[in-house]
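As structure tokens, the structure follows; a few thoughts come after it.
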Amino acid sequence: MDEALARTAAFPRLRYMGSKYRLAPHLAEVFVELGGHTALDAFSGSGVVSYLLKSLGYQVTSNDFLNFPSIICRAAVVNQTVQLSETDMDKICGTSADGRDFIQRTFDGLYFTQNDRVFLDSAWSHVDQLTGHKRAIAISALVLASAKKQPRGVFTFTDLRYDDGRRDLHLPLREHFRECVAAYNRVVFTNRRRNRAFCGDVSSVDATGHDVVYLDPPYAPPRDDNDYIKRYHFLEGLSVYWQGQKIMEHTKTKKLEKRFTPFSYKRTVTEALRETFKRFKDSTIVLSYSSNALPDAAAIIGLLREVKDDVELRPIAHEYSFGTHSAAKRRDVAEYLFIGR
Ligand SMILES: C[S@@+](CC[C@H](N)C(=O)[O-])C[C@H]1O[C@@H](n2cnc3c(N)ncnc32)[C@H](O)[C@@H]1O
């Protein structure tokens, strides 16, 4: 387990709402206790839990309804051997192959510097010629580089109001990209299992053949919202060079259309959880949930009991740190792990 955690600590860290990077030690304990050979990470997000499961030796299936999370899992979880070479990197960082300028035209004055936007366009002109895992690493690195350079990693505003002079906000995107490729290259390894990554709604994931199913849906907050597209639309668009994506032109941030998910709303979350538990009733279910979200713990236990005899709730203590980043001050909210077997 220690080796798996050491590997996971090196996983390139995307700032992502609800990421379980800091919970990895707790999750690892639970997964080791549960055992099994195959695992599904049905809401993979930043990819850190899928990568932990891979490091623990599971045959991993990752899924998310956004595209960039599934590309990250292709690069780091499905991919077992391929790295991006210095030559590949030099090419991607060189002059444009076709002079495309979609990002420069569309996001002028909104995000990054002009040089950064030129770089993103020209980098994509080369990425378009890559296939397979090399392409996945290159896109993952572009996504991570863009998230690092954007204040707080979210694309809900277009000015530099959060600029605190940090290196990440000033390093040219091209340099960020090189660092991010190196970071993804470093975490490539084989666990000798056929891991897979999908992009789709959880309701369309094949429910058979998973010993363990990890569920980390968005939390339905009592107020406020938890819209992933609103925060990460730029990363989602970038991951496919906006091909087939519809930008809401009247929005200041040039965001993409909101993606409906029943997990985000008070009126639909209970039924969505019930349906999901039912779908995965033949697997051991591990669910992450926040103590200040809806429905509450008692209701979730009730829902799990509809399909599982043995249901356990484990609140996670706050005071720990993990990896190279010391734990930020935790808010007064507990993370829950529900285990149904
Ligand atoms: C709390 S985050 C997962 C965080 C992840 N475990 C991590 O450590 O980074 C929830 C994820 O669920 C995805 N999502 C939301 N609704 C979904 C749905 N109906 N089907 C599949 N994925 C969905 C979001 O795109 C988001 O990445």
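The values are calculated or read from the model by the stated rules, or taken from the named source; none is laboratory data. Because the structure is a prediction, the values reported are computed rather than measured. A quick note on method: Cβ atoms are made from the backbone with ideal geometry, for glycine too, and the neighbour counts reach across all protein chains shown.
Some observations on this one:
- Check on residue 82, surrounded by fewer than 20 Cβ atoms within 10 Å (Cβ to Cβ), over 20 Å from the mean Cα position of the chain (by Cα) and within 16 Å of the ligand (Cβ to nearest atom): no
- Inter-residue pairs, beta-carbon under 6 Å, first not assigned by TED's automatic domain parsing to the domain that holds residue 301 and in segment 265-285, second of a type outside the set (A, V, I, L, M, F, W, C), 6+ apart: none
- If the condition is being of a type in the set (S, T, N, Q) and without any contact (Cβ under 8 Å) to a residue 40 or more places away in the chain, then segment 1-58 contributes 19, 46.
- Of all residues in segment 217-240 being over 17 Å from the mean Cα position of the chain (by Cα) and surrounded by fewer than 20 Cβ atoms within 10 Å (Cβ to Cβ), the one that is nearest to residue 68 (Cα to Cα): 225
- On the stretch given as segment 169-188, residues that are loosely packed, with under 14 Cβ neighbours inside 10 Å and either touching a residue at least 12 places away in the same chain (Cβ under 8 Å) or closer than 20 Å to residue 62 by Cα (or both) total 1.
- Matching option when the condition is of a type in the set (S, T, N, Q), touching a residue at least 24 places away in the same chain (Cβ under 8 Å) and on the phi < 0 side of the Ramachandran plot, among 131, 106: 106
- Filtered by the rule that a residue be farther than 20 Å from residue 101 by Cα and either modelled with pLDDT of 95 or more or not in a loop (DSSP other than H, G, I, E, B) (or both), segment 225-249 gives 228, 229, 230, 231, 232.
- Some residue of segment 9-30 being closer than 24 Å to residue 185 by Cβ, within 14 Å of the ligand (Cβ to nearest atom), among the aromatic types (Phe, Trp, Tyr) and not in a helix (DSSP H, G or I): yes
- Search result, residues across segment 59-93 that are of a type in the set (Gly, Ala, Ser) and in a loop (DSSP other than H, G, I, E, B): 85
- Just one of (1) within 14 Å of the ligand (Cβ to nearest atom); (2) touching a Phe, Trp or Tyr at 6+ places or on another chain (Cβ under 6 Å); (3) not in a loop (DSSP other than H, G, I, E, B) fails for residue 218. It is (3).
- The sole residue among 147, 136 that is under 24 Å from residue 100 (Cα atoms) and within 16 Å of the ligand (Cβ to nearest atom) is 147.
Residue-wise test of (1) more than 15 Å from the ligand (Cβ to nearest atom); (2) at pLDDT 95 or above; (3) assigned to a helix (DSSP H, G or I).
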| position | (1), (2), (3) |
| --- | --- |
| 168 | yes, no, yes |
| 175 | yes, yes, yes |
| 182 | yes, yes, yes |
| 189 | yes, yes, no |
| 194 | yes, yes, no |
| 198 | no, yes, no |
| 206 | no, yes, no |
| 213 | no, yes, no |
| 222 | yes, no, no |
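- Exactly one residue out of 131, 87, 61 is at pLDDT 95 or above and either within 19 Å of the chain's Cα centre (by Cα) or not assigned by TED's automatic domain parsing to the domain that holds residue 174 (or both): that is 61.
- Subset of segment 32-73 (residues that are more than 11 Å from the ligand (Cβ to nearest atom) and either among the small types (Gly, Ala, Ser) or surrounded by fewer than 24 Cβ atoms within 10 Å (Cβ to Cβ) (or both)): 32, 33, 34, 35, 36, 37, 38, 39, 55, 56, 57, 59
- Every residue from segment 245-286 that is of a type in the set (Asp, Glu), within 11 Å of the ligand (Cβ to nearest atom) and closer than 15 Å to residue 229 by Cβ: none
- Scope segment 94-112; condition aromatic (Phe, Trp, Tyr) and not in a helix (DSSP H, G or I); matching residues: 111, 112
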